[in-house]
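Here the structure is laid out as structure tokens; the discussion comes afterwards.
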Amino acid sequence: MSPPNATGAKALTRALRGAGISRIFTLSGNHIMPVFDAALDAGIELIHVRHEAAAVHMADAWARLRGEPGIAMVTGGPGHANAVGALYTAAMAESPVVLLSGHAPRREQGMGAFQEMAQGDIAAPLTKASWTNRGADLVVSDVARALAIARLGRPGPVHLSLPSDCLEATIETERSEAVDITPPAPDFNAAAIVSRLRGAKRALVLTGPVTLTKRGRARTAALEAALGIPVVGMESPRGIADPSLGAFAQALAQADVVVLLGKRPDFTLKFGKPPAFASGCEILEISVNRDVFAAIESLSAAARAEPPVKNQWLSEVHAAIAYRPAAWNHATSAIPGRMHPVQALRPLQALLDAHPDSVFVSDGGEIGQWAQACLSAPNRVINGVAGSIGAALPFAVAARVAKPGVPIIAVMGDGTFGFHPAEIDTAVRYGLPFVAIVGNDARWNAEYQIQLREYGPGRTVGTELLPARYDKVAEGFGGYGELVTDPAQLLAAARRAIASNLPAVLNVMIDGVAAPVVKR
Ligand SMILES: Cc1ncc(C[n+]2csc(CCOP(=O)(O)OP(=O)(O)O)c2C)c(N)n1
Ligand SMILES: [Mg+2]
């Protein structure tokens with residue numbers, strides 16, 4: 001219950017604090033200034049960023065790393081519109097983000113109010129639920145509902161718009177609206193699925209992004225141990241060709257039974273058709289709207305009723321996933337002053353291995369594929385199935401908020417760096433160090449490679465960039481920067497970056513080679 005004379009804004013911040021929310025990633029604006037003021041008293045820290053999309057990306061990384069909803073708050077109209085694109089990455093990553101958007105006052109709605117926009121409609125396709133608050137007395141129940149929907153079942157983003165007059169108004173009597181948000185109860189027969197898996201020669205269980213958080217990986221590892229059958233998490237836009245899954249595609253093509261646990265047979269699985277899947281392969285789907293962890297628990301419990309299957313298949317699949325071509329051990333670049341991506345990345349594994357809770361962040365593009373092939377860590381936050389580029393820098397900032405004191409290595413391309421460089425300023429202002437590795441090939445290489453492949457060497461256009469000094473951009477914002485052109489210097493440079501205790505950019509000059517295709 002809110003105290004007497006509480007405004008909608010005060011009720012909002014109290015409700016958030018009561019739900020355990022201690023931080024909001026935000027960019028200010030007229031509509032939400034009452035919430036800024038109320039946050040002071042509620043003891044909620046505002047991390048004030050430089051672009052609304054970055055606030056959403058930060059809330060997304062926070063949610064994935066902490067396993068609790070991440071909150072982004074932006075102003076109405078254009079602020080909201082700027083934020084919405086970033087929801088796609090969170091949605092595809094099954095990340096429980098709550099976007100709180102300021103909104104034109106209700107009393108002016110439909111009259112052409114300042115920055116009036118159909119905000120609920122704009123966010124709807126990218127969220128599990130999207131609506132506009134209808135009064136100060138409903139703020140508390142709206143917030144509780146938004147947090148619950150984001151978490152429940154298959155997690156994902158929720159949007160709630162807050163008209164400025166509802167934030168300013170004094171609450172008369174707190175109300176709540178009865179909305180049933182319970183996800184469908186599990187309706188599959190766990191024992192039957194386990195016995196179907198165990199009756200197969202080469203069975204696989206495939207899971208989606210939510211199982212690739214640290215907590216998720218522990219759960220799927222337990223299921224795999226109980227079954228004795230491989231459980232493989234997928235979160236790459238490259239699907240079965242995910243470079244962090246090595247030669248997994250070749251193993252998948254031999255499977256005779258595949259259980260999709262909270263995962264759709266979508267583009268990531270080549271729609272479940274040959275040749276990605278063997279023609280006789282049986283595919284069993286456990287609904288994507290269900291609570292995946294509850295489903296994992298019930299399968300694990302059913303599996304434990306009997307000893308795990310023992311055959312070669314589990315170790316064959318593990319070996320396929322771990323496989324990387326031996327030629328990578330000697331990869332070099334013929335271009336003076338440039339290194340092969342493997343040379344730029346492999347040395348960093350030592351830093352990630354130095355702590356049991358380190359964070360590896362990766363963006364997309366060709367460099368992102370190399371990074372995901374070369375590096376692993378207890379926590380990994382990648383751009384994910386969305387395949388959208390630009391989130392890595394905001395991810396790294398939020399990773400530091402979520403995990404003080406652990407090594408954070410964020411890899412991105414030079415093109416990608418340009419999306420949110422000003423978040424280095426955010427990181428400097430809040431004292432949030434991390435090491436960003438910018439693989440600088442002076443190209444939008446992923447698209448350049450498509451041009452080469454599809455249209456021929458004489459037909460590349462518009463995909464060149466300048467070999468810009470992104471390290472100096474970091475310095476300009478008060479961060480740490482170094483240019484690295486020699487692979488032998490990389491690890492030492494990264495250690496200096498960590499020692500600087502500042503947000504750091506290593507501008508690593510690389511040879512723009514195509515992303516790896518790992519085959520045995
Ligand atoms: C938001 C968004 N815009 C555009 C793209 C298309 N895209 C994917 S990778 C890429 C090039 C990335 O260049 P860079 O970050 O330098 O990485 P590189 O491929 O050069 O290693 C582009 C434009 C995308 N995936 N997402
Ligand atoms: Mg590039």
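The values are calculated or read from the model by the stated rules, or taken from the named source; none is laboratory data. Fair warning: this is a prediction, and the values are worked out from it, not measured in the lab. Because the Cβ atoms are built from the backbone with ideal geometry, glycine has one as well, and the counts that use them run over all protein chains shown. Side chains included, ligands, DNA and RNA excluded: accessible areas come from the protein's heavy atoms. Shrake-Rupley method; radii C 1.70, N 1.55, O 1.52, S 1.80 Å.
If you sort the three axes of the alpha carbon gyration tensor as a ≥ b ≥ c, you get a/c of 1.5 or more for segment 429-506 and a/b above b/c, which makes it prolate. Under the combined filter of DSSP loop state and at most 15 neighbouring Cβ atoms within 10 Å, segment 268-327 retains these trypsin sites (Lys or Arg not before Pro): Lys310.
Within segment 131-219, report the GluC sites (Glu not before Pro) that DSSP leaves as loop and that have at most 11 other Cβ atoms within 10 Å. Passing both the DSSP loop test and the Cβ count: Glu172, Glu177. Annotation for segment 451-470 versus segment 125-164: alpha-carbon center distance of 43 Å. What a 1.4 Å probe finds exposed on segment 335-391 is 57% carbon and sulfur by accessible area, rounded to a whole percent.
Summarising the amide proton neighbourhood of Gly228: residues at separation of 5 or more, or on other chains, whose placed amide H is nearer than 5 Å comprise Val309. By the equivalent-ellipsoid construction on the alpha carbon gyration tensor, the chain comes out with semi-axes of 38, 32, 20 Å, ordered largest to smallest.
Would you mind calculating the relative contact order of the chain from Cα pairs under 8 angstrom and at least 6 residues apart, reporting the percent as a whole number? Provide the component values of the computation, followed by the final result.
Numbers: 1187 pairs, mean separation 66.8, N = 520.
Relative contact order here is 13 percent.
How large a share of the accessible area of segment 70-146, in percent, is made up of carbon and sulfur atoms when the probe is 1.4 Å and the other protein chains stay in place? After summing per-atom areas, the C and S share lands at 55 percent. Electrostatic bookkeeping for Arg338 treats Lys and Arg as +1 and Asp and Glu as -1; over the other residues with beta carbon under 9 Å from its beta carbon, the sum is -2. Per atom type, segment 160-295 shows carbon and sulfur on 52% of its accessible surface, probed at 1.4 Å.
Pairs of lysines in the chain whose Cα atoms sit within less than 29 Å of one another amount to 26, provided the residues are eight or more positions apart or on different chains.
How much accessible area per residue does the chain have, in Å², with a 1.4 Å probe? Walk me through the numbers before you get to the answer.
Details: 20150 Å² over 520 residues.
Value for the chain: 39 Å² per residue.
Overall, segment 43-167 carries a charge dipole of about 280 debye about its Cα centre when +1 sits on the Cβ of Lys and Arg and -1 on the Cβ of Asp and Glu, all other atoms neutral. Relative to one another, the C-alpha centroids of segment 1-46 and segment 346-423 are positioned 31 Å apart. Computed from backbone phi with θ = phi - 60° and the Karplus coefficients 6.51, -1.76 and 1.60, the 3J(HN,Hα) list for segment 29-34 is x, 2, 5, 10, 4, x Hz; x is used for glycine and proline.
Mind ranking Tyr480, Tyr88 by accessible surface for me, highest first, 1.4 Å probe? Intermediate results must be reported in sequence, preceding the final value.
Numbers: Tyr480 50, Tyr88 90 Å².
Heavy-atom accessible area, descending, gives Tyr88, Tyr480.
For the chain, what does -39500 (n - 2.57) per DSSP helix run (n ≥ 4), summed and divided by total residues, give at 222 nm, in deg cm²/dmol to the nearest 500?
Values: 21 runs with 198 residues, N = 520.
Result for the chain, helices only: -11000 deg cm²/dmol.
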